[in-house]
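Data block below; observations after.
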Amino acid sequence: MSSEASPTELLRELHVQFIVGLDKRKDEFEYWASEHLRLNGVYWGLTALDLMNRKDELAKEDVIDFVLSCQQDNGGFGGMTDHDAHLLYTLSAIQILATLDAIDRLDVEKVVEFVKSLSRPDGSFAGDEWGEVDTRFTYCALSCLSLLNRLDAVDVKKTVEYIDSCRNFDGGYGSVPGAESHAGQIFCCVGALAIVNSLHLVDADQLGWWLAERQLKNGGLNGRPEKLEDVCYSWWVISALAILDRTHWINKQKLTEFILSSQDTETGGIADRPGDYPDVFHTLFGVAGLSLLGYEGLKAVDPRYCMPRYVIERIIG
Ligand code: FPP
Ligand code: ZN
């Protein structure tokens with residue numbers, strides 16, 4: 001946390017040091033407490049670094065070896081070596097390998113089998129063998145298969161129908177049919193529909209309005225009505241607005257200032273809101289949000305995949 005005046009520029013060098021330093025803090029409690037998130041953390045850190053043009057700060061071969069060590073016998077990836085496989089970590093693994101141009105190091109068929117094994121007859125996806133269903137997992141499944149060029153492995157039509165059944169009266173989407181609209185789930189549903197070219201099912205004006213209403217007086221965005229602003233929602237909301245071609249429906253200048261004011265001027269990293277402790281999750285979504293807002297000197301991010309656009313162009317065209 002920092003007591004200095006609000007920064008008005010992106011503190012790139014500090015953020016690079018913050019991300020690179022994460023792996024060296026093995027003696028700190030937070031490191032151990034977040035052990036199960038490690039593969040996600042590597043994706044967040046690597047993507048933020050790449051958007052800031054500093055991908056090479058992480059040792060590529062070490063990262064690839066770590067990712068491959070997380071693959072389990074069923075083909076999916078756990079958060080760490082020896083942890084159970086889940087779609088959330090499987091997506092991070094593929095995103096990391098894609099960014100490092102190392103998909104060829106992967107046993108793709110095994111991953112595809114894992115993703116397929118989690119699809120259900122109604123078009124939904126479970127996150128792992130224990131069966132929790134959520135539109136987050138639908139997104140993970142479609143993003144994974146798309147990055148592996150294997151969308152043919154599942155029934156995309158049925159999956160799209162399921163996503164459509166999660167659409168609410170306000171134009172938004174929830175975690176399962178009937179669940180309230182939430183910006184994180186909206187990113188997942190709109191992103192997934194965009195990945196499989198089915199955006200015609202979105203009421204872009206109605207949903208765009210709901211998303212634009214997430215901006216509060218301080219410029220930050222919340223994820224649902226009556227909630228606090230949070231830097232990660234800069235991403236969940238503005239990525240969906242970008243996919244719908246409506247980022248001009250919010251005040252971009254004020255959102256940019258809000259994200260910049262959430263930076264920690266002492267340790268580096270970005271927090272959920274000004275004055276809070278930074279973490280690598282909010283650092284990625286702050287940087288990716290700034291990229292979508294057109295902040296100078298950052299690589300372009302693809303709003304559907306939350307990955308650098310050049311990587312998606314290399315893989316999908
Ligand atoms: C809010 O979570 C966010 C979501 C529900 C969306 C999460 C999306 C994924 C896991 C898909 C993969 C993401 C990327 C970027 C590739 P929260 O638990 O913080 O919600 P709360 O603010 O309501 O507590
Ligand atoms: Zn947050």
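What number of residues in region 172-190 are buried (at least 22 other Cβ atoms within 10 Å of the Cβ) and assigned to a helix (DSSP H, G or I)?
7
Go through the residues of region 48-58 one by one and say whether even a single one is crowded, with 20+ Cβ neighbours inside 10 Å, within 16 Å of ligand 2 (Cβ to nearest atom) and touching a residue at least 12 places away in the same chain (Cβ under 8 Å).
Checking region 48-58: at least one residue is crowded, with 20+ Cβ neighbours inside 10 Å, within 16 Å of ligand 2 (Cβ to nearest atom) and touching a residue at least 12 places away in the same chain (Cβ under 8 Å).
What are the residues in region 191-205 that are in a helix (DSSP H, G or I) and in contact (Cβ under 8 Å) with a residue 40 or more places away in the chain, if any?
Selection gives 191, 192, 194, 195, 199, 201, 204.
Checking the conditions here, which among 275, 317, 294 is assigned to a loop (DSSP other than H, G, I, E, B), without any contact (Cβ under 8 Å) to a residue 40 or more places away in the chain and out of contact with any helix residue (DSSP H, G or I) (no Cβ under 7 Å at 6 or more places or on another chain)?
Only one candidate qualifies: 317.
Residue check: is residue 167 charged (D, E, K, R) and closer than 19 Å to residue 183 by Cα?
Criteria met by residue 167.
Pairs, please: C-beta under 8 Å, at least 6 apart or cross-chain, first residue closer than 19 Å to residue 182 by Cβ and in region 125-145, second basic (Lys, Arg) and within 16 Å of ligand 2 (Cβ to nearest atom)?
If the second residue must be basic (Lys, Arg) and within 16 Å of ligand 2 (Cβ to nearest atom), the pairs left are 127/136.
Mind listing just one residue for me: the one in region 262-285 that is in contact with a Leu (Cβ under 7 Å, 6 or more places away or on another chain) and polar (S, T, N, Q) and, of those, surrounded by the fewest Cβ atoms within 10 Å (Cβ to Cβ)?
Per the criteria, the residue is 265.
Any idea which residue in region 191-202 is farthest from ligand 1 (Cβ to nearest atom), counting only those that are more than 19 Å from residue 235 (Cβ to Cβ) and surrounded by 15 or more Cβ atoms within 10 Å (Cβ to Cβ)?
Looking at residues that are more than 19 Å from residue 235 (Cβ to Cβ) and surrounded by 15 or more Cβ atoms within 10 Å (Cβ to Cβ), I get 198.
Go through region 220-232 and give me each residue that's at pLDDT 95 or above and either surrounded by 20 or more Cβ atoms within 10 Å (Cβ to Cβ) or of a type in the set (Asp, Glu) (or both).
220, 221, 223, 229, 230, 231, 232
If you scan region 117-150, which residues turn out to be surrounded by 16 or more Cβ atoms within 10 Å (Cβ to Cβ), in a helix (DSSP H, G or I) and out of contact with any strand residue (DSSP E or B) (no Cβ under 8 Å at 6 or more places or on another chain)?
Residues satisfying the conditions are 136, 139, 142, 143, 144, 145, 146, 147.
Given (1) in contact (Cβ under 8 Å) with a residue 12 or more places away in the chain; (2) more than 12 Å from ligand 1 (Cβ to nearest atom); (3) within 26 Å of residue 89 (Cα to Cα), identify the lone condition not met by residue 208.
Only one criterion is unmet by residue 208, namely (3).
Here is a check on your reading of the model: is residue 249 under 19 Å from residue 223 (Cα atoms) and more than 16 Å from ligand 1 (Cβ to nearest atom)?
Yes.
Please pick out the residue among 259, 315, 250 that is hydrophobic (A, V, I, L, M, F, W, C) and surrounded by fewer than 22 Cβ atoms within 10 Å (Cβ to Cβ).
None of the others qualify; the one that does is 315.
Look at residue 137 and say whether it is within 14 Å of the chain's Cα centre (by Cα) and farther than 18 Å from residue 314 by Cβ.
yes
What tally of residues in region 217-241 results from selecting those that are away from ligand 2 (no atom under 12 Å from the Cβ), closer than 13 Å to residue 259 by Cα and either touching an Asp or Glu at 6+ places or on another chain (Cβ under 9 Å) or in a loop (DSSP other than H, G, I, E, B) (or both)?
So the count comes out to 2.
In the set 64, 96, which member is within 13 Å of ligand 1 (Cβ to nearest atom) and of a type outside the set (Gly, Ala, Ser)?
96
Could you please tell me which pairs satisfy a Cβ distance under 6 Å, a separation of 6+ or placement on different chains, a first residue in region 72-97 that is among the β-branched types (Val, Ile, Thr), and a second residue that is part of a loop (DSSP other than H, G, I, E, B)?
81/70; 90/76
The values are calculated or read from the model by the stated rules, or taken from the named source; none is laboratory data. Quantities reported herein were computed from a predicted structural model and do not represent experimental measurements. Positions of Cβ are generated from backbone atoms using ideal geometry, with glycine treated the same way; all protein chains shown enter the neighbour counts.
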